[in-house]
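> Let me begin by handing over the structure; questions about it come next.
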Amino acid sequence: MTAETGRAPIYEVRDLVKVYGRGHPQPVTAVDGVSLDLWPGERLGVVGESGSGKSTLIRMMAALSRPTSGEIRFFGESIVGRHERELAVLRRGVQLVFQDPRSSLDPRMRVADIISEPLRSRIWRDAERPDPHQRVAELLVQVGLPPDAASRYPHQFSGGQRQRIAIARALAPRPKVLIADEAVSALDVSVRAQVLNLITDLVARHGLSLVFVSHDLAVVRHLCDTMLVMQHGRVVEAGNSAEIYADPQHPYTQQLLASVPRLRRTS
Ligand SMILES: Nc1ncnc2c1ncn2[C@@H]1O[C@H](COP(=O)(O)OP(=O)(O)O)[C@@H](O)[C@H]1O
Ligand SMILES: [Mg+2]
């Protein structure tokens with residue numbers, strides 16, 4: 001907690017390590033000693049090439065994967081090694097949006113059921129559970145989809161619209177933290193900006209903290225206050241995203257930035 005503000009971080013991650021294939025001839029250390037704080041309202045970008053450990057890091061933060069070692073505190077409580085029934089606060093408070101809505105949205109479910117699914121979980125005490133019908137209607141408006149979308153199926157929508165459905169589902173339980181893992185990477189360039197703007201607006205409107213994972217440094221600079229640059233599971237550079245973009249210190253960050261198309265660097 002800081003003395004000036006009395007605020008505490010939402011997440012405190014310390015020395016987090018994930019080794020895949022322990023005991024096998026060639027184990028992979030996907031995350032290798034990562035520490036970070038995530039503050040209320042902070043928009044944190046996690047950048048790095050494919051295979052740098054970004055998804056592994058956020059999966060551990062969302063308690064979808066167990067760390068090999070290290071600590072993760074969410075609102076001051078350790079979440080490492082907890083039983084599922086002890087993770088209700090985390091399950092309501094942290095929601096994810098993935099890269100490919102085709103595989104993350106169940107094709108047999110209507111949009112209304114997809115969006116309200118997080119509200120049907122047993123993690124809710126009935127008194128706290130938002131009304132699913134009302135929530136679906138509100139959320140369709142917020143993500144810019146028509147009311148009749150509720151009774152349709154994912155395949156009846158474009159890629160950008162499907163990502164709007166995924167965002168609506170993520171917001172349904174009124175989370176504190178939204179984690180987006182390459183959430184716009186699979187979209188056409190023309191649609192990408194619209195979905196990025198939607199995420200920006202919704203994060204601001206609801207006062208969410210954002211963890212935005214991307215291999216694209218320019219997008220992260222546009223969207224995020226702070227960033228972590230990951231290489232081989234380690235954080236090689238961290239700080240204010242505009243400053244890092246303007247004046248990268250680590251050779252790896254400089255190399256990532258050099259691969260960003262020129263037109264976008266000057267914007
Ligand atoms: N379930 C898994 N089993 C074994 N290795 C994995 C698994 N998931 C990821 N890895 C490996 O861990 C490293 C980091 O992967 P990942 O976290 O997906 O990186 P990123 O999201 O930055 O592309 C890669 O070498 C990847 O092959
Ligand atoms: Mg990934």
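> Go through (1) under 23 Å from GLY41 (Cβ atoms); (2) assigned to a helix (DSSP H, G or I) one by one and return the number of the condition LEU178 breaks.
The one condition LEU178 does not meet is (2).
> Looking at GLN163, GLN231, which is the one that is among the polar types (S, T, N, Q) and buried (at least 22 other Cβ atoms within 10 Å of the Cβ)? Give the steps one after another, and end with the answer.
On the way: GLN231 fails: buried (at least 22 other Cβ atoms within 10 Å of the Cβ).
Just a single option satisfies the conditions, and that option is GLN163.
> Taking the stretch 29-70 only, how many residues are surrounded by fewer than 15 Cβ atoms within 10 Å (Cβ to Cβ) and more than 13 Å from ligand 2 (Cβ to nearest atom)?
Number of matching residues: 5.
> Could I ask something else about it? Among the strands (runs of 3 or more DSSP E) contained in the stretch 1-120, which hold 1 or more residues that are closer than 30 Å to ALA242 by Cβ and within 14 Å of ligand 1 (Cβ to nearest atom)?
On the way: elements: 11-20, 28-38, 43-47, 69-74, 94-97.
Strands (runs of 3 or more DSSP E) meeting the threshold: 11-20, 28-38, 43-47, 94-97.
> Only one of VAL219, VAL195 is more than 21 Å from PHE74 (Cβ to Cβ), within 16 Å of ligand 2 (Cβ to nearest atom), β-branched (Val, Ile, Thr) and over 13 Å from the mean Cα position of the chain (by Cα); which? Before the answer, list the steps.
On the way: VAL195 fails: within 16 Å of ligand 2 (Cβ to nearest atom).
From the options VAL219, VAL195, the qualifying one is VAL219.
> While we're here: Got a number for residues in the stretch 119-131 being without any contact (Cβ under 8 Å) to a residue 24 or more places away in the chain and closer than 13 Å to ARG169 by Cβ? Let's see the steps before the verdict.
Step one: filter the stretch 119-131 for residues without any contact (Cβ under 8 Å) to a residue 24 or more places away in the chain, giving 120, 122, 125-129, 131.
With closer than 13 Å to ARG169 by Cβ added as a condition, the list becomes 120.
Number satisfying all stated conditions: 1.
> Does at least one position in the stretch 50-63 carry a residue that is in contact (Cβ under 8 Å) with a residue 60 or more places away in the chain, within 17 Å of the chain's Cα centre (by Cα) and more than 30 Å from ASP188 (Cβ to Cβ)?
So far as the stretch 50-63 goes, no, none of its residues is in contact (Cβ under 8 Å) with a residue 60 or more places away in the chain, within 17 Å of the chain's Cα centre (by Cα) and more than 30 Å from ASP188 (Cβ to Cβ).
> Considering ASP131, ASP181, which residue is within 30 Å of HIS215 (Cβ to Cβ) and in contact with a helix residue (DSSP H, G or I) (Cβ under 9 Å, 6 or more places away or on another chain)?
Numbers: ASP131 fails: within 30 Å of HIS215 (Cβ to Cβ).
Matching residue, one of ASP131, ASP181: ASP181.
> Evaluate the stretch 240-262: report whether one residue or more is in a helix (DSSP H, G or I), within 16 Å of ligand 1 (Cβ to nearest atom) and under 14 Å from the mean Cα position of the chain (by Cα). Spell out the reasoning first.
Taking the stretch 240-262 and keeping what is in a helix (DSSP H, G or I), we get 241-246, 251-258, 262.
Narrowing the set further to residues that are within 16 Å of ligand 1 (Cβ to nearest atom) leaves 252-253, 255-256.
Then drop every residue that is not under 14 Å from the mean Cα position of the chain (by Cα), which leaves none.
Scanning the stretch 240-262, I find no residue that is in a helix (DSSP H, G or I), within 16 Å of ligand 1 (Cβ to nearest atom) and under 14 Å from the mean Cα position of the chain (by Cα), so the answer is no.
> A further question on this structure: Answer yes or no as to whether GLU117 is away from ligand 2 (no atom under 16 Å from the Cβ), over 18 Å from ILE179 (Cβ atoms) and either under 20 Å from the mean Cα position of the chain (by Cα) or not polar (S, T, N, Q) (or both).
Details: away from ligand 2 (no atom under 16 Å from the Cβ): yes; over 18 Å from ILE179 (Cβ atoms): no; either under 20 Å from the mean Cα position of the chain (by Cα) or not polar (S, T, N, Q) (or both): yes.
Taking the combined requirement at face value, the residue does not satisfy it.
> All but one of (1) closer than 25 Å to VAL94 by Cβ; (2) away from ligand 2 (no atom under 16 Å from the Cβ) hold for SER214; which doesn't?
For SER214, the failing item is (2).
Every number here is computed from the coordinates shown, using simple stated rules; none is lab data. Only a predicted model underlies this, so the values are computations on that prediction, with no experimental measurement involved. Backbone-built Cβ (ideal geometry, glycine too); neighbour counts: all protein chains shown.
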